[in-house]
Amino acid sequence: MKQLIVAGVDEAGRGPLAGPVVTAAVILKSPIEGVTDSKKLSEKKRAQLFEIIQQEALAFAFGRAEVEEIDALNIHHATLLAMKRAIEGLAITPDQVLIDGLYVPQIAMPGRAIVKGDLLIPEIGAASILAKVARDREMVQLDELYPGYGFAIHKGYPTAQHQNQLRELGVSAIHRRSYAPVAALMSFSS
C-alpha cells in the first residue's frame with residue numbers, strides 16, 4: 001500500500017504590528033530529531049534545524065501575505081492565503097495537508113486543522129521552524145531599511161520598545177495599518 005504523502009503547514013507573524021505573515025509547507029521523509037513548535041526552541045537551535053529540514057525534507061515551500069494584503073483581507077484571511085500559496089508551491093502534491101490551528105485554507109486536497117499541531121505532528125513542527133526563521137531573518141533585513149524601530153530585536157511584535165518607537169518615528173511603509181495600535185497613531189496624527 002502506498003504511503004500517504006503528508007504536508008505540514010504553519011505560519012509566523014500573525015501578531016506583529018509590522019511585516020508580512022510567512023508560512024511554510026513541509027513534506028518529510030522521516031521525522032527529524034529536535035523538531036517541535038518553533039517557540040519552544042532557542043534561536044540558535046531553530047537556525048540549525050532550519051538548515052537540516054531544508055536538506056532532509058522531501059519538499060518544502062514558503063508562502064506569504066504582504067502588509068497590504070493583511071490590511072485588505074484581515075490577518076485571518078491573509079494567513080489562509082499565505083498557507084494556500086505555500087501548499088501550492090510544493091514540488092510534490094501531498095495526499096493530505098495538516099495545518100496548525102483551527103482553520104484550513106481552500107485547497108485541492110484533504111486538509112485538517114490541528115490545535116497545537118506544531119507540538120504533535122513532525123511535519124507541522126518543521127513548517128513552524130521554517131516559517132519562523134524565514135520571517136525573523138526578513139525582519140532583520142527590514143531593520144536596515146527602516147532603522148530606529150528595532151525590527152531586528154522584536155521582529156515587529158508589539159513590545160513596549162516597538163510601540164515607543166512607533167510613537168516617536170511614526171508609521172513606516174511596513175506597518176499594518178489595520179492593527180489597532182497603528183490605526184490609533186494614524187488617526188491621531190491626521
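Assorted remarks:
- Residue that is surrounded by the most Cβ atoms within 10 Å (Cβ to Cβ), among those in the range 161-180 that are in a helix (DSSP H, G or I) and charged (D, E, K, R): R167
- Matching option when the condition is touching a strand residue (DSSP E or B) at 6+ places or on another chain (Cβ under 8 Å) and of a type in the set (A, V, I, L, M), among L80, L41, L58, L49: L58
- All conditions but one from (1) assigned to a helix (DSSP H, G or I); (2) surrounded by fewer than 16 Cβ atoms within 10 Å (Cβ to Cβ) apply to M1; the one that does not is (1).
- Those residues of the range 31-49 which are in contact (Cβ under 8 Å) with a residue 12 or more places away in the chain and closer than 18 Å to G117 by Cα, in sequence order: P31, I32, G34, V35, T36, D37, S38, K39, K40, L41, R46, L49
- Residue check for A183: surrounded by 14 or more Cβ atoms within 10 Å (Cβ to Cβ), modelled with pLDDT under 95, out of contact with any His (no Cβ under 7 Å at 6 or more places or on another chain) and outside any loop (DSSP other than H, G, I, E, B): yes
- Of all residues in the range 66-111, those that are farther than 22 Å from I174 by Cα and either under 13 Å from the mean Cα position of the chain (by Cα) or among the aliphatic types (A, V, I, L, M) (or both) total 15.
- Residue that is surrounded by the fewest Cβ atoms within 10 Å (Cβ to Cβ), among those in the range 48-67 that are among the small types (G, A, S) and under 18 Å from V21 (Cα atoms): A61
- Failed criterion for P105 (all others in (1) without any contact (Cβ under 8 Å) to a residue 40 or more places away in the chain; (2) over 20 Å from A61 (Cβ atoms); (3) buried (at least 22 other Cβ atoms within 10 Å of the Cβ) hold): (2)
- All positions within the range 1-29 that are polar (S, T, N, Q) and in contact (Cβ under 8 Å) with a residue 12 or more places away in the chain: T23
- The residues in the range 4-46 that are assigned to a helix (DSSP H, G or I), of a type outside the set (K, R) and touching a helix residue (DSSP H, G or I) at 6+ places or on another chain (Cβ under 6 Å) can be counted, and the count is 1.
- If you check I87, I92, I75, I70 for being in contact with a strand residue (DSSP E or B) (Cβ under 7 Å, 6 or more places away or on another chain), more than 19 Å from M139 (Cα to Cα) and crowded, with 20+ Cβ neighbours inside 10 Å, only one passes: I87.
The values are calculated or read from the model by the stated rules, or taken from the named source; none is laboratory data. Given the structure is predicted, the values throughout are model-derived calculations rather than measurements. Cβ: placed from backbone, ideal geometry, glycine included. Neighbour counts: every protein chain shown.
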